[in-house]
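Read through the structure below, which is laid out as structure tokens, and then see the notes.
Only the coordinates and a few stated rules stand behind these numbers; no lab work does. Keep in mind it's a predicted model, so treat the numbers as computed, not measured. Please note: Cβ atoms are built from the backbone with ideal geometry, for glycine as well, and neighbour counts cover all protein chains shown.
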Amino acid sequence: MEKVKIAVWLDNNYIPEEEGGGFSYYDKLVQTIDNYQFDPSIELCFVTNSSVSQGTFSKPIIELSYVPGIFIQMMAKVPLCGKQVKQKYKKRREELRQKSYEKTLLEAGVRVIYYLCQGQYSVVDFPFIATNWDIGHCSTFAFPELIPYGNFEKRNNIYTQVLPKALMVFTESDTGKAELSKYTNIDEKKIKVVPLFAGNCVNAKCDAKEEEEFLSENQLEKQKFFFYPARFWAHKNHTGLLQAFAKFTKQYPDYKLVFTVSKEYLRLFASSLKIEDKVLFLDFLPVEQINILYRNATALVMATYLGPTNMPPIEAMELGCPVICSDLQGHHEILSNAAIYFNPMDQDELCNAMIEMINNRSFYKDAIEKQNRNSLFKIENSMQKLNEHLKEVAIIRNCWK
């Protein structure tokens with residue numbers, strides 16, 4: 001069988017580092033792919049249309065570029081041209097860009113593009129593998145980041161016009177595969193699981209002095225705070241957690257809550273509950289400090305409405321941090337009986353979960369460490385599965401020139 005060359009799409013601008021989980025997934029997967037020895041039937045390289053330094057990678061990088069002719073640039077921009085004329089030349093510019101990209105890829109021997117991030121689709125009609133993390137516009141409530149302002153239409157277009165064209169679609173869990181199959185017409189045999197994994201924070205190093213200084217600066221006492229590493233989106237349910245924590249502090253006033261987000265809305269919400277002095281809004285943090293917070297927290301509290309899975313419970317598990325998380329099927333798939341689950345709509349239930357954690361933390365710490373020893377949600381297992389699925393892609397792709 002002829003070796004199949006698969007190009008992994010790089011896009012430094014697609015997910016900003018400040019966006020949290022999406023960036024962590026992309027960053028760690030790129031690094032690991034670059035250093036992984038894949039099956040001899042496949043050859044991996046990288047491809048990009050943005051600025052990426054070859055010196056950062058061991059595998060080769062193919063650069064895609066296209067500069068439209070002066071006439072096309074002018075006709076697409078000149079104010080005196082009518083709207084239809086502009087649209088015509090913008091369309092022509094895109095057609096030429098696509099042809100240029102395809103020509104470069106074919107000359108380099110690339111036969112498949114692998115997009116690592118949800119929603120990517122940059123080279124039209126070129127064989128590709130897609131990635132899907134969630135189908136939240138169907139699987140949860142109508143949060144503003146999912147439904148209004150054209151978000152529903154944009155998301156829905158991916159599932160009706162893009163994913164059905166993929167050779168395969170990689171999801172992050174069995175639950176994710178089931179959700180995608182439930183809400184779309186994509187054939188199950190095209191949906192493959194590449195398990196989610198922890199971000200680079202689990203391997204970050206920080207010496208004891210730096211750790212003590214960081215905790216002291218933020219007035220945090222070991223095992224006397226709950227940690228929620230999530231950017232601010234409505235579906236993350238920060239407000240529900242604040243309400244539950246306000247109830248909790250009536251019995252345990254010496255505990256704190258740590259967010260990795262700083263939003264005026266949440267500050268005002270905490271103030272209205274009279275717990276502003278017990279909540280830390282630390283905003284974006286380097287991986288070393290995230291590591292410190294996991295290892296010293298009473299527990300991770302993952303209050304989100306959106307699954308099917310999330311990265312923080314996996315990171316907490318690897319770092320021995322007990323977990324309280326919303327009762328999502330994907331969370332159960334990751335943690336089984338090693339966590340306390342709660343209904344994200346029920347603040348009393350979440351408050352009781354925090355109290356339960358205080359009373360039995362050692363039990364849940366032992367449970368999470370045991371679960372970690374047998375977990376499938378590790379980068380090593382993810383790469384084994386990726387290698388296996390890419391071999392299948394190679395078999396399919398060899399069916400035509």
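Highest mean first, the peptides 30-39, 388-397 sorted by other C-beta atoms within 10 Å per residue fall in the order 388-397, 30-39.
Over the range 162-272, calculate the relative contact order: mean separation of alpha carbon pairs under 8 Å at least 6 apart, over the residue count, as a percent. Write out the running numbers ahead of the final one.
On the way: 78 pairs, mean separation 23.2, N = 111.
Rounded, it is 21 percent for the range 162-272.
How do 321-334, 155-168 rank on mean C-beta neighbours within 10 Å, highest first? Provide the component values of the computation, followed by the final result.
On the way: 321-334: 22.6, 155-168: 16.5.
In descending order of packing, they fall as 321-334, 155-168.
Considering the convex hull of the alpha carbon atoms of the range 215-289, report its projected area averaged over all viewing directions, in nm², one decimal. Can you show the working numbers first?
Numbers: hull surface 19.9 nm².
That works out to 5.0 nm², a quarter of the Cα hull's surface.
Under the definition of Cα pairs under 8 Å and six or more residues apart, what whole-number percent is the relative contact order of the chain?
Details: 648 pairs, mean separation 62.4, N = 401.
With pairs under 8 Å counted, the relative contact order is 16 percent.
Per residue, the convex hull spanned by the Cα atoms of the range 182-260 measures out at 161 cubic angstrom.
Of the peptides 381-387, 263-269, the order by per-residue mean of other Cβ atoms within 10 Å, starting with the highest, comes out as 381-387, 263-269.
What's log10 of I(q)/I(0) for the range 200-373 at q = 0.09, 0.17, 0.18 Å⁻¹, Debye sum over Cα points only, no solvent? Log10 I(q)/I(0), no solvent term: -0.26, -1.04, -1.19. Between the labelled values (1) 71; (2) 58; (3) 54, the entry that holds percent of Cα pairs over 26 Å apart as derived from this structure is (2). Between ILE355 and LEU285, the contour length at 0.36 nm per residue exceeds the Cα-Cα span by 22.4 nm.
A simple charge model with +1 on the Cβ of Lys and Arg, -1 on the Cβ of Asp and Glu and nothing else charged puts the dipole of the range 200-373 at about 220 debye relative to its Cα centre. Between the listed residues ASN310, LEU29, LEU300, the Cα displaced farthest toward the positive end of the dipole of the chain, a dipole computed from Cβ unit charges relative to the Cα centre, is found at LEU29.
Rounded to the nearest 500 deg cm²/dmol, what is the calculated helix-only ellipticity per residue at 222 nm for the chain, with -39500 (n - 2.57) per DSSP H run of length n ≥ 4? Numbers along the way, then the final one.
On the way: 15 runs with 170 residues, N = 401.
About -13000 deg cm²/dmol.
The range 323-401 and the range 268-306 have Cα centres separated by 21 Å.
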